[in-house]
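Right, one structure below, let's go through it.
The values are calculated or read from the model by the stated rules, or taken from the named source; none is laboratory data. Everything numeric in this text was worked out from a predicted model, so none of it was measured. For neighbour counting, all protein chains shown are included, and Cβ atoms are generated from backbone atoms with ideal geometry for every residue, glycine included. Accessible surface areas use protein heavy atoms only, side chains included; no ligands, DNA or RNA. Shrake-Rupley method; radii C 1.70, N 1.55, O 1.52, S 1.80 Å.
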Amino acid sequence: MSNNATILYVEDNIDNRTLVRRILMSEGYDLLEATDAAQAMEILNETKPNLILMDINMPDMDGYSLTSKIKKTPGLEYIPIIALTANVMRGDRERSLEAGCDGYIQKPIDIDLLSSQIEHFLRSLDGRH
Ligand code: MN
């Protein structure tokens with residue numbers, strides 16, 4: 001199941017995109033990438049991924065606002081969104097969940113943990129559809 005899953009990664013930082021791409025491709029996921037909110041919405045117009053990994057700090061529209069927008073868009077509202085947040089402060093986690101995120105992964109990304117974190121979210125959130 002999970003190794004056929006399509007994941008959309010929304011991230012403005014090229015180093016993070018390179019790192020996550022390397023990890024997810026080696027696990028056999030189909031990976032889509034967007035560098036900003038506009039590009040993410042274009043992709044979501046055509047493809048419904050099984051999971052969205054959402055960077056929070058982005059220029060233009062940040063990850064909170066984009067998450068709220070996706071969760072209010074008919075046809076997209078059931079796609080699980082996992083926030084990637086550099087902030088470990090409690091307020092930040094709460095803000096991601098308030099925006100509609102289904103969970104979060106802490107930055108910096110732990111390369112040994114990322115695959116199992118994503119697998120966990122795909123398994124636990126799949127039943128919602
Ligand atoms: Mn960023």
Handout entry: Top-ranked residue of the range 20-53 - restricted to ones that are touching a residue at least 60 places away in the same chain (Cβ under 8 Å) and of a type in the set (Val, Ile, Thr), ranked as most open to solvent (accessible area, probe 1.4 Å)
Key = Ile23
Fill in the blank from the handout: Ile56 vs (1) modelled with pLDDT of 95 or more; (2) buried (at least 22 other Cβ atoms within 10 Å of the Cβ); (3) under 10 Å from the mean Cα position of the chain (by Cα): all pass except (1)
Fill in the blank from the handout: Counting only residues that are more than 16 Å from the ligand (Cβ to nearest atom) and more than 20 Å from Leu66 (Cα to Cα), the range 20-35 contains a total of 9
Completion exercise
Counted residues in the range 36-86 being closer than 24 Å to Arg123 by Cα, of a type in the set (S, T, N, Q) and within 16 Å of the ligand (Cβ to nearest atom) come to 2
Practice task
Quick one: count up the residues across the range 94-106 that are touching a Ser or Thr at 6+ places or on another chain (Cβ under 7 Å) and open to solvent by 30 Å² or more (accessible area, probe 1.4 Å).
Solution key: 2
Exercise for the section: Within the range 59-107, work out how many residues are under 21 Å from Asp36 (Cβ atoms), part of a loop (DSSP other than H, G, I, E, B) and either modelled with pLDDT under 90 or hydroxyl-bearing (Ser, Thr, Tyr) (or both). Expected result: 4
Problem - Selection count, the range 62-92, where residues are within 14 Å of Val10 (Cβ to Cβ) and open to solvent by 60 Å² or more (accessible area, probe 1.4 Å) - result: 1
Exercise for the section: Kindly check whether there is at least one residue in the range 53-76 that is charged (D, E, K, R) and touching a Ser or Thr at 6+ places or on another chain (Cβ under 9 Å). Expected result: yes
Handout entry: Residue, farthest from the ligand (Cβ to nearest atom), within the range 7-19, restricted to residues that are open to solvent by less than 30 Å² (accessible area, probe 1.4 Å) and not charged (D, E, K, R)
Key = Ile7
